[in-house]
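Inspection log for the structure reproduced underneath, given as structure tokens.
The values are calculated or read from the model by the stated rules, or taken from the named source; none is laboratory data. Every value quoted in this text rests on a predicted model; they were computed, and no experiment measured them. Note: ideal-geometry Cβ built from the backbone for every residue, glycine included; neighbour counts use all protein chains shown. The accessibility values were calculated without ligands, DNA or RNA, using every heavy atom of the protein model including side chains. Shrake-Rupley method; radii C 1.70, N 1.55, O 1.52, S 1.80 Å.
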Amino acid sequence: MMSLNRRILASMRLWLCPALWVAGAAFAQTNPPAEPAASVPSMQIVSTPRPKVALVLSGGGARGFAHLGVLKVLQEQRVPIDMVIGTSMGSIVGGAWAAGHRLDDLRELVQGTDWDAVFAATAPRRERDYRRRSEDLNYLTRFSFGVSREGLVLPRGTFQAHELDSILRKVALPVQHRTNLDELSVPFRAVATDLVSGEMVVLRDTSLFAAMRASMSIPGAFAPIEIRDQLLIDGGLVRNLPVDVARKLGADVIIAVNVGTPLTPRHKLKSALDVAQQMVNILTEKNVMQSLGELGPQDILISPDLAAYSFSDFAAFSKIEAAGEVAARSVQARLAALGIDAERFAGWEAARTGRPNVPEPIRIDDVRILGTSFTNPQVLLRELDIRPGESYSIQDITSGMRRLSASGDFDRVDFSIAGPEGARRLLVTPSETLVGPNTLRFGGRLESDFRNNNRFEILALHTLRWVNSYGAELRTLLRVGSARELGTEFYQPLSLGREWFVTANAGVRGDDFERRLGNTGFTAALGSRTYDIGGTIGYRLGLDGEVRLGYGLRRLQTFPRAVQSLIPSTDDQFQVFGARLGWDTLDDPNFPRSGNLVVIDWSRASDLRSGSDLRRDAGLLVWENAQSIGRNSLSSSIRLGYGRGGASPLPLGGFLNLSGSPPETFTGDRTLLARMVFSHRLQAVTGVRVGVSFEAGDAFDRGETLRPSSLKRALSLLAGTDTPFGPVYIGWGRTFGVRSSLYLFLGRP
């Protein structure tokens with residue numbers, strides 16, 4: 001599993017600054033917990049009087065995996081736990097334990113989780129629809145901003161909570177119907193922070209899922225969660241080690257496990273962001289020191305040696321768990337004093353893990369969407385695809401929630417099942433994103449061979465979603481740089497199910513290109529402007545694709561870019577018929593490891609002048625396939641371009657497009673490019689991939705015979721990584737018989 005150090009550290013530093021005021025309020029807050037002091041009844045398995053034992057688990061990100069090592073030793077020493085109190089990652093481990101999960105279950109969950117996906121800016125690509133996926137291929141970043149009268153609206157979380165919510169749902173599944181945490185196998189509390197007041201909130205009267213989600217809502221990383229009109233974030237800002245909560249709940253002995261992040265050494269404080277993060281660490285450590293001072297001589301403190309691991313070292317699960325086990329064994333004698341005999345502990349453990357089976361399938365008699373403002377509940381019901389009167393497994397229901405969550409309209413989607421058999425109601429409560437339906441995405445593309453070929457593009461995509469109740473969209477793209485474009489499309493679904501749709505579009509594009517002058521060997525520098533207006537009718541092929549038929553009008557102007565030119569200016573007008581099929585199942589647009597991309601595009605432009613039989617035909621076929629084994633990936637692709645009557649297919653040349661040759665070196669009526677890119681993801685350097693490509697292709701005109709032996713051949717050596725601004729590559733390429741070049745490339749080749 002790839003380490004996330006550099007990527008998550010950089011991202012989390014960006015969101016820590018706006019959380020400072022919350023942390024300041026949290027540090028100043030010393031009031032008792034928000035719930036009344038009460039004694040939580042321990043499990044009635046042990047009849048002999050014994051001290052009431054509370055397990056207090058701190059937050060610490062990946063360092064919280066040490067809690068599993070501590071739990072292992074507690075089981076070996078047969079220590080029954082009467083209550084669990086957790087913060088952040090401690091709330092997840094503690095909540096899972098309290099809900100009756102076995103230790104092996106938790107290990108399997110941690111090791112089977114794609115932590116890259118948990119800390120991702122968007123939902124998994126396979127769960128978004130084709131329209132959203134197609135935006136990824138246009139050199140756009142994965143971050144969206146809202147647009148309002150006040151300006152840009154930043155999202156409430158850097159990362160989407162799509163995968164995090166799925167993990168927490170798995171944990172909470174056996175106790176999903178319970179809304180009081182005293183009713184778990186072991187009474188449980190999660191600590192969160194009120195984002196408005198900065199006060200500590202001890203969660204009891206809520207679902208386990210909501211409690212863990214609130215306590216784990218790292219400020220700036222994940223959007224806050226609202227529970228009973230309180231906007232809640234990570235509890236570590238107020239009580240990273242909530243000893244006082246356990247004491248007020250009647251604990252006689254507290255086993256406190258502290259895995260919090262220590263202060264950064266002086267030599268690593270090199271930037272303003274480092275200083276800002278250190279300020280938050282200081283405030284967090286202050287409340288931990290306060291909690292440590294509340295421990296009595298009868299309590300047990302376990303502090304694993306985690307100096308070598310950060311809160312983002314999710315790949316180091318086994319080593320971090322082992323560190324927790326070592327720390328627990330250092331106080332093994334004191335833990336053993338709290339243990340009970342094997343027979344009684346077996347009964348206690350059987351009661352803890354004796355979770356009721358979740359009845360499946362569940363007949364759903366009614367489905368309600370609650371709390372929406374700009375989205376249409378009727379459309380959401382169709383996307384959810386859960387019909388009243390039919391039976392579904394919990395996995396089916398969860399998959400429907402994931403589809404809604406992946407749309408980008410919601411920070412999260414919560415649900416509950418209420419009512420007796422025969423009148424069961426599925427209540428779905430989406431939390432609409434603060435960014436709203438009016439969004440802006442930026443992107444760019446840069447290519448340089450460190451010679452005379454330097455090309456760049458900057459893009460902005462504005463999308464106005466939910467223009468009407470059917471989910472219509474107005475999407476406008478602005479592109480400046482080596483190519484210039486301004487285009488807009490109005491997308492209108494024709495039903496609540498949104499299978500059929502129509503579009504209306506208009507745009508203008510400017511390009512610069514070279515054209516060969518017959519057989520002279522010379523080329524002329526030309527420019528063009530293309531004006532388009534038209535529309536399409538289309539059909540969605542599930543989430544993965546769509547097909548369109550279109551008609552429009554086009555005006556094409558060409559002109560020489562040099563003062564003296566042998567090619568005159570032209571100004572032609574056409575009617576255009578077109579068809580397009582798109583299919584995209586790639587798991588990642590930049591460094592795919594699985595899936596396919598297929599694009600088939602054809603158009604015919606006929607001259608509108610009376611008596612003219614001028615036609616310009618163009619066609620494009622793209623096929624890309626990705627496969628992987630471990631950290632190794634192979635991406636294969638074929639691109640065929642066809643043009644007639646002056647229509648030009650995609651030219652060849654440039655990085656991974658016959659690497660080594662200058663951009664647009666090879667042009668003609670037909671183009672062919674085949675390539676294979678083998679890459680290996682480094683384990684030592686986070687997120688970096690190294691690889692090699694093999695490419696073959698050429699451009700040729702009508703009448704020329706394509707011979708495999710005449711194809712240009714190229715290879716490249718490359719290194720690349722994904723960034724918030726898109727994929728970045730450095731590489732060297734050579735087209736044999738032409739030349740070689742070094743490359744710096746930003747964007748999707």
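Yes/no per residue for (1) open to solvent by less than 50 Å² (accessible area, probe 1.4 Å); (2) over 21 Å from Leu440 (Cβ atoms):
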site: His462; (1), (2): no, no
site: Ser469; (1), (2): no, yes
site: Ala483; (1), (2): yes, no
site: Gly497; (1), (2): yes, yes
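Within the range 659-675, can you find the residues that are modelled with pLDDT of 90 or more and either within 24 Å of the chain's Cα centre (by Cα) or part of a loop (DSSP other than H, G, I, E, B) (or both)? Write out each step before concluding.
Here is the first cut: in the range 659-675, the ones modelled with pLDDT of 90 or more are 659-661, 671-675.
Those that are modelled with pLDDT of 90 or more and either within 24 Å of the chain's Cα centre (by Cα) or part of a loop (DSSP other than H, G, I, E, B) (or both): Ser659, Gly660, Ser661.
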Residue among Val243, Val196, Val175, Val153 that alone is touching a Leu at 6+ places or on another chain (Cβ under 8 Å), in contact (Cβ under 8 Å) with a residue 60 or more places away in the chain and within 24 Å of Ile282 (Cβ to Cβ): Val243
Yes/no for Leu427 being open to solvent by 30 Å² or more (accessible area, probe 1.4 Å) and of a type in the set (A, V, I, L, M): yes
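Yes or no, residue by residue, for (1) more than 29 Å from the chain's Cα centre (by Cα); (2) open to solvent by 20 Å² or more (accessible area, probe 1.4 Å):
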{"position": "Gly236", "(1), (2)": "no, no"}
{"position": "Ala251", "(1), (2)": "yes, no"}
{"position": "Val259", "(1), (2)": "no, no"}
{"position": "Thr284", "(1), (2)": "no, yes"}
{"position": "Phe311", "(1), (2)": "no, yes"}
{"position": "Ala315", "(1), (2)": "no, yes"}
{"position": "Gly324", "(1), (2)": "yes, no"}
{"position": "Ala336", "(1), (2)": "yes, yes"}
{"position": "Ala351", "(1), (2)": "yes, yes"}
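On the basis of being crowded, with 16+ Cβ neighbours inside 10 Å and either modelled with pLDDT under 85 or among the basic types (Lys, Arg) (or both), does Arg475 make the cut? Give the steps one after another, and end with the answer.
Details: crowded, with 16+ Cβ neighbours inside 10 Å: yes; either modelled with pLDDT under 85 or among the basic types (Lys, Arg) (or both): yes.
Yes.
Would you pick out the residues in the range 582-610 that are among the aliphatic types (A, V, I, L, M) and buried (at least 16 other Cβ atoms within 10 Å of the Cβ)? First the steps, then the outcome.
As a first pass, look at the range 582-610 and keep what is among the aliphatic types (A, V, I, L, M): 586, 597-600, 605, 608.
Once the filter is applied, which keeps residues that are among the aliphatic types (A, V, I, L, M) and buried (at least 16 other Cβ atoms within 10 Å of the Cβ), the range 582-610 yields Leu586, Leu597, Val598, Val599, Ile600, Ala605.
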Filter result (at pLDDT 90 or above, basic (Lys, Arg) and within 25 Å of the chain's Cα centre (by Cα)) within the range 85-131: Arg107, Arg131
Entirely in the range 676-749, the strands (runs of 3 or more DSSP E) that have 2 or more residues that are of a type in the set (Ser, Thr, Tyr), surrounded by 15 or more Cβ atoms within 10 Å (Cβ to Cβ) and more than 28 Å from the chain's Cα centre (by Cα): 739-746
Residue count, the range 611-629 (criterion: open to solvent by 50 Å² or more (accessible area, probe 1.4 Å), assigned to a loop (DSSP other than H, G, I, E, B) and not hydrophobic (A, V, I, L, M, F, W, C)): 2
Test: residue in the range 526-537 that is modelled with pLDDT of 95 or more and over 17 Å from Gly487 (Cβ atoms): yes
Some residue of the range 327-340 being modelled with pLDDT of 90 or more and either in contact with a Phe, Trp or Tyr (Cβ under 6 Å, 6 or more places away or on another chain) or of a type in the set (Ser, Thr, Tyr) (or both): yes
Any hit, the range 290-305, residues being in a loop (DSSP other than H, G, I, E, B) and surrounded by 23 or more Cβ atoms within 10 Å (Cβ to Cβ): yes
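Kindly indicate whether Ala276 is under 20 Å from Val238 (Cβ atoms), at pLDDT 95 or above and surrounded by 13 or more Cβ atoms within 10 Å (Cβ to Cβ). Spell out the reasoning first.
On the way: under 20 Å from Val238 (Cβ atoms): yes; at pLDDT 95 or above: no; surrounded by 13 or more Cβ atoms within 10 Å (Cβ to Cβ): yes.
Answer is no for this residue.
Table: residues versus (1) open to solvent by less than 20 Å² (accessible area, probe 1.4 Å); (2) of a type in the set (Lys, Arg).
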| residue | (1), (2) |
| --- | --- |
| Arg142 | no, yes |
| Ser166 | yes, no |
| Arg169 | no, yes |
| Pro174 | no, no |
| Leu184 | yes, no |
| Val191 | yes, no |
Identity of the residue in the range 632-650, under 27 Å from Thr570 (Cα atoms) and at pLDDT 85 or above, that ends up surrounded by the most Cβ atoms within 10 Å (Cβ to Cβ): Gly641
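Please pick out the residue among Arg555, Arg455, Arg509 that is closer than 30 Å to Tyr130 by Cα, open to solvent by 40 Å² or more (accessible area, probe 1.4 Å), more than 34 Å from the chain's Cα centre (by Cα) and modelled with pLDDT under 95. Full working, then the answer.
Working: Arg455 fails: more than 34 Å from the chain's Cα centre (by Cα); Arg509 fails: more than 34 Å from the chain's Cα centre (by Cα).
Answer to the selection: Arg555.
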